[in-house]
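Working notes for the structure below.
All of the numbers you see were taken from the coordinates with simple rules; none came from a lab. Worth saying up front: this structure is predicted, and the values here are computed from it rather than measured. No Cβ is skipped: glycine too gets one built from the backbone with ideal geometry, and neighbour counts run over all protein chains shown.
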Amino acid sequence: MRIDLEDLLFSRDQFSLRGSGTFNEGVHLVSGPVGSGKSTLALLLAEILQPVSGAARRHGISSALLLLQYPEYHITSSTIAEEVKSWGLDPDVLLTQVDLPGRANDDPFHLSRGELKRLILACMIMRNPDLLMLDEPFSSLDCAAKQWACKMIERRSKGITIIFSHERAVLPRVDAIWEMEGGALKALGSVPEAISRWQHAPPYLTYALEMGARPENIRLQDVREAICRIQG
Amino acid sequence: MIRITNLRHRLVDIPDLTIDARHIAVIGPNGSGKTTLLEVCSGIEEPRFGTVRILGRPPSAVRIGWVGEFPDRTLLFSRVYDEIASTPRFRGRSCQETDERVRAAAALVGVSHLLDAKVSTLSGGEKALVALAAAGVDDPEVFILDEVDSHLDAGTAGRVQRAVQKSRAAHVLWCTQSMDTAARADLILFMEDGVVRHHGTPDEVFAKLEETCFYPPLWRIRR
C-alpha cells in the first residue's frame, strides 16, 4: 500500500504546489505554515482536486477518507444518531466511545466545537479506510481531546494515515515527517532521523534538541524521556 | 476594567468577578462555557441574569472587535477589501478614510497582498487573518478572540498576537487552547463546567493545573 507523488503540480491564481515522494504505510505528519498548501495537498491526495501535471498514484488502496478542517461540512443528518448511522456504524457503541452518551437525538449542530470534531473523527477511524487523511484534526480540541485523538490515530495498525497539522503541543507517534513551505512539499524522511531537520517543530521539541536531547519520536513524553536520558 | 456580577447565562455562572488586566487568556476544556462568556462580554448575547460592565458600560455600548473561531461564519463579503471595509462603511466613514483604514489594518495583520482576492479562495488561516483585520479596522476598545489560533500556525498566531498588542484596545480577551500562549497573558481565567475555577497570573493558575494536560508543555520540559 502506498501513494507515489510523481512530479505533482497544481496551480491556481498565483499559488502553485509541487511535490514528489512516497507515502508508505504508517502515520505521516505534514506540517507547515498557514496558506502553505497543506489543505490543497490533502484535496489532491483525496482526488477532489486534479493536478495540472504529474500524478498522485495510489497502489493497493481500496478505500480513502478525508477529514475536513471544519467538521460541520461533514454533517448530512438532522440527529447525531442518524449521522453515525450514515457512516454505517452503531450509534450506541460510537457515542459511548466519544463520551457523548444521551446525545443521540440532538441536532449535530448543537454539539460544541470540539465534540463535533471528536464525533466525525471517531466515525472515520472506525470505518478504518486504507488511506485516512486528516486536515487539522486537533484544531478546536482541548488538550484532553487531543490526547484522545492521538490514541485513536495510534490505534490504527495498518494503512496510510496522513495528518496535515500545525499542532504544537499534543502530537501522536508518527513514522515520517513532511514539510510544506510556499507550496513546495519536502520529505524530511523517517522518524527519528527527520526530527532534527524539522523546521516547524513544536517549541518543546526545539528546546530539547537545543539541549542536546535526541528524542525517539515527537510526543511530549518522548521528549521528556530523552531529556531524562541526558540528565541521567 | 471588566466587572461581572451575578452572571447566569446558559451554563455560565459567575457570581462576582472584577478584572483589571489588559491581556486576559480564557482557558479550559471544550464545553466549559468559554465561548458563552466571550459572547456575553462582546454584547452578542444579553445575559439572562446579572450584569457585565466593560469600561463602566454595558458591552453593547463598547466598541468591540470580535474574531470567532470559524471565520467562515462571520465573513460577509466576497472580496477581502470589502470585508475589511465593512465596519467603516457601515459607520458612514468617508471613502478616503475607509480606504486608509483598510490598508493600515491589512498591513498590520500582513494581508495587504490579499486585498483583491476572493474570500472563497483563502486558506482557513488566511480567513482568520482577514477576520482579524476586519475586527481591528475601526479601533476597537476591546478585542475579543475566540480560539482564533486554533487554525493558525505558530508564525501566524504570533502575528495575530503582535497585531492585537499594538492595537489601542484597553482589554484583549483571548480564549485559546495553546497553553504556551496563555502563559504569556497578564491574567488567566480557567473555566470548567461554567464556572471560573481559577483566576490569577499564569504562575498562580498553572500551579493549580500542574497535574493536568493544561500545564504548558514548555514549562513541563523546563521543569
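Annotations for the structure displayed:
- A crude spin-label estimate for the pair B:LEU17 and B:ARG91, with each label 7 Å from Cα along the Cβ direction, gives 2.8 nm.
- In terms of its alpha-carbon gyration tensor, the range B:1-82 comes out prolate; a/c meets the 1.5 threshold, and the first ratio a/b outweighs b/c.
- Computed magnitude of the charge dipole of the range A:75-127 (debye, nearest 20; Cβ of K, R +1, Cβ of D, E -1): 220 debye
- Per-residue packing, averaged as other Cβ atoms within 10 Å, sorts the ranges A:179-189, A:49-59 into the order A:179-189, A:49-59, beginning with the highest.
- Using the average count of surrounding beta-carbon atoms within 10 Å as a protection proxy, the listed peptides B:34-45, B:103-114 rank, highest first, as B:34-45, B:103-114.
- Net length gained if the chain between B:HIS113 and B:ARG220 were fully extended (0.36 nm per residue, minus Cα distance): 34.6 nm
- Inter-label distance for B:ARG57 and A:SER78, nm, one decimal - labels placed 7 Å from Cα along Cα-to-Cβ: 4.3 nm
- Database note for the protein assembly as shown: Cys without another Cys beta carbon under 4.7 angstrom, A:CYS123, A:CYS150, A:CYS228, B:CYS41, B:CYS95, B:CYS175.
- The range B:168-204: trypsin sites (Lys or Arg not before Pro) in DSSP coil with no more than 16 other Cβ atoms inside 10 Å: B:ARG168, B:ARG184
- Residues A:GLU6 and A:HIS110, FRET efficiency given R0 of 51 Å [Cβ-Cβ distance, rounded to 0.05]: 0.70
- Efficiency of FRET from Cβ geometry, A:ARG57 and A:ASP130, R₀ 25 Å, rounded to 0.05: 0.95
- Helix-only CD estimate at 222 nm, as mean residue ellipticity for the protein assembly as shown, using -39500 (n - 2.57) per DSSP H run (n ≥ 4): -9500 deg cm²/dmol
- Neighbouring Cβ atoms from other chains, within 10 Å of the Cβ of residues in A:135-143, number 5 on average.
- Under 17 Å from a label point set 7 Å out along the Cα-to-Cβ vector of A:CYS228, the amide N atoms of the range A:201-222 belong to A:208, A:213-222.
- Inter-chain neighbour count for B:129-138: the average number of beta-carbon atoms from partner chains within 10 Å of each residue's beta-carbon is 0.
- Oblate is the label for chain A, because the ratio a/c of its alpha-carbon gyration tensor axes (a ≥ b ≥ c) is 1.5 or higher and a/b is not greater than b/c.
- For chain B, the relative contact order is 27 percent, taking Cα pairs closer than 8 Å that sit 6 or more residues apart in sequence and dividing their mean separation by the residue count.
- Signed unit charges on C-beta, dipole axis of chain A, positive-most listed residue A:MET133, A:PRO202, A:LEU65: A:PRO202
- Within 10 Å of the Cβ of each residue in B:122-128, the mean number of Cβ atoms contributed by other protein chains is 5.
- Global form of the range B:71-139, assessed from the alpha-carbon gyration tensor, a/c cut-off 1.5: prolate
- Residues A:LEU209, A:LEU41, sorted so that the one with the fewest Cβ neighbours within 10 Å comes first: A:LEU209, A:LEU41
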